[in-house]
Structures are given as structure tokens and as C-alpha cells.
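First up is the structure itself, then whatever we jot down about it.
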Amino acid sequence: MNIILFDGIYHKNLLPLTYTRPVAELRIGMLTIKQKWEQYVENPIQIKTQEYLAKKFGSPSEENSIGINASILPSDDLMSSLLELKNKQILTSKGKIVAVNPLPINSKNIEEALSEYKMVETKAEFLQVENVWDLFRLNDQAIRADIELIKAAKTFVTPSPTNQILGNDIYIEEGAKVECAILNTTTGPIYIAKGAEVMEGSILRGPIAICENGVVKMGAKIYGATTIGPYSKVGGEVNNCMIQGYSNKGHDGFLGNAVLGEWCNLGADTNNSNLKNNYQSVDLYNYPEAKYLDTGLQFCGLVMGDHSKSAINTMFNTGTVVGVSANIYGADFPSKFIPSYSWGGRKPLEYKFDKAMDTAKRVMERRNISLTEEDLNILEYVYKESQKFRK
């Protein structure tokens, strides 16, 4: 089965995280959405995304491919429906498009091309990332599903006797380091990938996924459902968070019901509130609507785009959204919506593009990764596109 994952209507809804990546490259559970589909179909997956992202992430070339809404996570139930999808049919679920066979990638007018297709409704069960808060809200189910998806191909080791283990739902890959920690899997599995390290004194309560070369620092308290993405470092107290990768929350402070992009850094004793004092549901800024929308969640903390940073003792209010390449500091609570390329806190100034890129280059070089011309073009596009929010 040849598959193209297309952004669809959810690309804007998932900003600021999708400013710098297609929807299919979002991580939830252990794997990105694209990686999950690749595991299912055992075939390379193509992506159809925004034009400014396509130079880095590719464009589809196979015309006779099934197009799948990239916000949808694969499931056994859904795969059965996809295998039954005939030519010139659109698979829907509760009125929403799930898949198109084939996706008319070369059509100048896709809507006109799809008008010839027949709608077919499915009752298949699957997870879908429609809003940024779904990345932590659905992370429990996604971690469990990913472990089942990949564990047969992995080799695991017996935990060191220096650890205190509760339950037996633990997966430690060869090459991971875990010593003198408390690992509680009675509430969900704990997966620690190769190259990852859980330092002494740490307390982990599943479900938790620590991806390749992730680090849990000494004495950290990590509650599920939490994912620590590749090459990320985490300390302090963390509860139900999704950290995409290459980001650091290396010190004390609380991060709860939150999503961090890549190349973020939270200064020492940065905290976010995840519960309003009146216990009402949390509003979160929505880019396409250009206003705050009710999440329907009682617990919702911080959403931060790639390359953003906070100074020591930063206090994020309940339901704060930070864009790409923002540098946040100040004694007061920052605004609940901080546009990309902001410098400051309550009333930020503009973070000049050249200076922001100098910082990004240094940060990435520390991990022996270069800021490429493709990266620069994407970040420059975001700088220009987000100008309207900084006025």
C-alpha cells in the first residue's frame, strides 16, 4: 500500500508546532505519526505538506497512492477499512475525511477532482490529533500503542538491582543507563530507549516513554503520560507532557499538561500553571480563529514552538501558547499568547531574525547538527508569516 500523509485542515490548527514541520512529523507516544504509519505498512511514506516545508520534508511523486489525513494515527481497525477502500472513494468518519483513494496530487483543482469520488463511512476506532492539546491528552493511549507496535523488534535488558521496580511492565533497551531509580509501572508501561539515561534518585510513574538519548536528571519526578523526545534533558517535576525532541527542561520547576517543540530550553525554576484557580476549563489561543478557544480541559499548561527559550524563574500562566524562536523573560507573568520572534515577557519586543538564527545555530551545533539552508528558509518564512501577530 502506497500512502501519502497530507496536512489537511489541521495544519493551521496545530500551530505553532506545525510552523516548522508537517502534521505527519509530530511526535505523540514514542514515534512521529509518519513513523507509526511506516511501521504499519512496512513501506516508505510520502508527505504532502505546505509549499515552504516541502523543500525539506519532500513532495509526493506516486500518483496512485492512498492519501490519509496526517492527523490520524493508524490502528488495526482503520487498516481494515483502508484495505477495502476502492478506486475513487473517500473514507470518512463522523463526517470528517480520513482517506482518499487515490489522492489527486497533480490536480490543479483538488476539490473539483474529488467531486467525482464516492463517500464511504467507516466505524473504525482510531486516535486523531486535531488540536495541540491532543498531543498530551492522547499520549497515554499513544505510548501504549507504540510499545506494542515496536517491542517485538527490540532487545531488552533486565533492570539493574540498584533500582526499585513496581510492576512488571518495563522495557529497557540495550545501551540505556538506569541506576538507583524508582520505576512504577502499575499505572502504565515505562519504555527507556537505547542511549537514554535515568539518573540516580529519579522517580518515574508510567506510562512514560524516554526516547533515544533522552536524559532524566537526578531526583526528577516524572508522572505519566509523558514522552521525553530524542536528545532531550528533563529535571524537576513533569506531569503529562509531550517533548518533541532536542529540548531541555534541565532544572527544578513544574511542567504539566504541556507540549514543547524542538530546540526549546526552559531556564531554572521555570514553572507553568496547568489549573485555573476557579477550576474552570482552560482557554487556549487558536491561530486560525485568532482568538482564545475553550479546550474543554480542566488541566492545560504550556504549548511552545521550536527554538523558544525561557529565562530563570519564568512563570507561565494556565494555557499559554508560545510561538517559534521566542526569548521570554521578566518578573511578571508573560502574556498567554506570545507570538513567534518575541523578545521579553508581558509586552515583548521583536526578536530580530539574524540574532535569533545566530542563537539557533549555536544551540544546534552543541548536538553536532547544522542549521541548514532549508531550516533557515523555513524559519524565515515563519518570521515573515508571524509578523501580523507582533503588531
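Nothing in this text is a laboratory measurement; each read-out follows from the coordinates by a stated rule. Keep in mind the model is a prediction, meaning the values are calculated, not measured. Because the Cβ atoms are built from the backbone with ideal geometry, glycine has one as well, and the counts that use them run over all protein chains shown.
Data overview
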read-out	value
Global size of the stretch 144-189 as Cα Rg and Dmax, reported in angstrom	11.0, 29
Too-long pairs where the Cα-Cα distance tops 26 Å, listed order kept, from LYS194/LYS336; LYS309/LYS361; LYS249/LYS347; LYS221/LYS291	LYS194/LYS336; LYS221/LYS291
Estimated distance in nm for a label pair at LYS391 and ASN377, the labels positioned 7 Å out from Cα along Cα-to-Cβ	2.8
Given charges at Cβ of Lys, Arg, Asp, Glu: the chain dipole, positive-most of ALA220, SER340, THR20	SER340
Quotient of C-alpha Rg and 2.2 N^0.38 Å, computed over the stretch 250-391	1.04
Gain upon complete extension [ASN313, TYR52; 0.36 nm per residue less C-alpha separation]	90.4 nm
Label-to-label distance, nm, for residues given as ARG346 and LYS88 (7 Å Cα→Cβ offset)	6.3
Ordering of 76-86, 329-339 by packing [mean C-beta count within 10 Å, highest first]	329-339, 76-86
Anchor LYS123: lysines whose Cα lies under 23 Å away (excluding residues fewer than 8 positions away in-chain)	LYS34, LYS36, LYS86, LYS88, LYS94, LYS96
Where labels lie 7 Å past Cα in the beta-carbon direction, separation of THR359 and LYS123 in nm	5.3
Mean-position separation - Cα centroids, the stretch 347-374 and the stretch 129-188, in angstrom	33
Sum of -39500 (n - 2.57) over DSSP H runs of 4+, divided by residues of the chain (222 nm, nearest 500)	-5000 deg cm²/dmol
Along each principal axis, Cα extent of the stretch 3-121, largest first, Å	34, 34, 26
Percent of beta bridges antiparallel (DSSP, the stretch 3-121, rounded to nearest 5)	45
